[in-house]
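The block underneath contains the structure these notes are about, expressed in structure tokens.
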Amino acid sequence: VDMILAIDTATRTASIALYNSTGVLAEESWRSKNNHSVEVMPAIARLVERQGCTMRDLSGIAVSLGPGSFTGLRIGMSIAKGLCLGLEIPIIGVPTLQVAAYAAGDPGCAILAVDEAGRGRICVGRYSYENGLPVLQGSIQLQQADEWAPNLSEMVLVTGEVDAALADHLLDL
């Protein structure tokens, strides 16, 4: 059975998961204190071990491409590339905001997927569903979180990394 490792280090919330054709086998997410370089690989090793597997059981790795923290993305991509080269398995890059839009499902309206970008900024992508998948409409925008004023004249779903301050800001619009 093929087992895929997913790595997302685009923001301070690091996430890893193992899945196969039956679905998610194990996953872990945590709020890092900008310590991805020392936290992620040991977490992957523990996750794989808990499933009674070894790294050699991996058949591929999916890794977040961004947008996101440059350092976080660099660390996640370096881990993924190192494992893929050493294990001679394929790698696939997945756009970070598209994952958030996909996780929301098709709400029947536009989706604004949000991720932290550091220094009080957020990345925002507008998605709509086409043939069961979220498709980016336009380009990804970099915004100051406390200045972001999305067009709310139509129904939209905001998903992704929305902290309490951003939620309050959006509710005040």
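Suppose each label sits 7 Å from its Cα in the direction of the beta carbon; what would the N151-S128 distance come out to in nanometres?
With each label placed 7 Å out from Cα toward Cβ, I get 1.1 nm.
Size of the dipole of the chain about the Cα centre, Lys and Arg at +1 and Asp and Glu at -1 on the beta carbon, nothing else charged, in debye to 20?
560 debye
At a threshold of 8 angstrom on Cα-Cα distance, excluding pairs fewer than six apart, so keeping six or more, what relative contact order does segment 109-169 reach in percent?
Averaging sequence separation for qualifying contacts and normalising by length gives 38 percent for segment 109-169.
Per DSSP H run of n ≥ 4, the term is -39500 (n - 2.57); total these for the chain, divide by its residue number, and report the mean residue ellipticity at 222 nm rounded to 500 deg cm²/dmol.
-9000 deg cm²/dmol
Work from the charge dipole of the chain (Cβ charges, +1 for Lys and Arg, -1 for Asp and Glu, about the Cα centre) and give the residue of L47, A100, V135 farthest towards its positive end.
Result: L47, furthest along the dipole toward the positive end.
Per residue Cα convex hull volume for segment 82-173, in cubic angstrom? Present the calculation step by step, with values, prior to reporting the outcome.
On the way: hull volume 11.7 nm³, N = 92.
Cα convex hull per residue, to the nearest whole number: 127 Å³.
Could you point to the residue in V156, G72, I89 farthest towards the positive end of the chain's charge dipole, with +1 and -1 charges on the Cβ of Lys/Arg and Asp/Glu respectively?
I89
Between M55 and I92, what is 0.36 nm times their sequence separation minus the Cα-Cα distance? Round to one decimal in nm.
On the way: separation 37, 0.36 × 37 = 13.32 nm, distance 1.71 nm.
Stretched fully, the M55-I92 segment lengthens by 11.6 nm.
May I ask you to give the percent of accessible area on the chain that is carbon plus sulfur, with a probe radius of 1.4 Å?
53 percent
Looking at the chain as a GNM with Cα springs under 10 Å, which of A45, A113, A14 has the largest mean-square fluctuation?
A45
Going from the alpha-carbon gyration tensor of the chain, what semi-axes, largest first and in whole Å, does one get by taking the root of 5 times each eigenvalue?
30, 18, 13
Using alpha carbons only, how many degrees (0 to 90, rounded to 10) separate the axis of helix 36-50 from the longest principal axis of the chain?
Relative to the chain, helix 36-50 is tipped by roughly 60 degrees.
Within 10 Å of each candidate Cβ there may be at most 13 other Cβ atoms; applying that plus a DSSP loop requirement, which trypsin sites (Lys or Arg not before Pro) in segment 1-67 survive?
Passing both the DSSP loop test and the Cβ count: K33.
The values are calculated or read from the model by the stated rules, or taken from the named source; none is laboratory data. Bear in mind the structure is a predicted one, so any value in this text is a computation, not a measurement. Using ideal geometry, Cβ is built from the backbone for each residue, glycine included, and neighbour counts are taken over all protein chains shown. Surface areas here come from the heavy atoms of the whole protein model, side chains and all, with no ligands, DNA or RNA. Shrake-Rupley method; radii C 1.70, N 1.55, O 1.52, S 1.80 Å.
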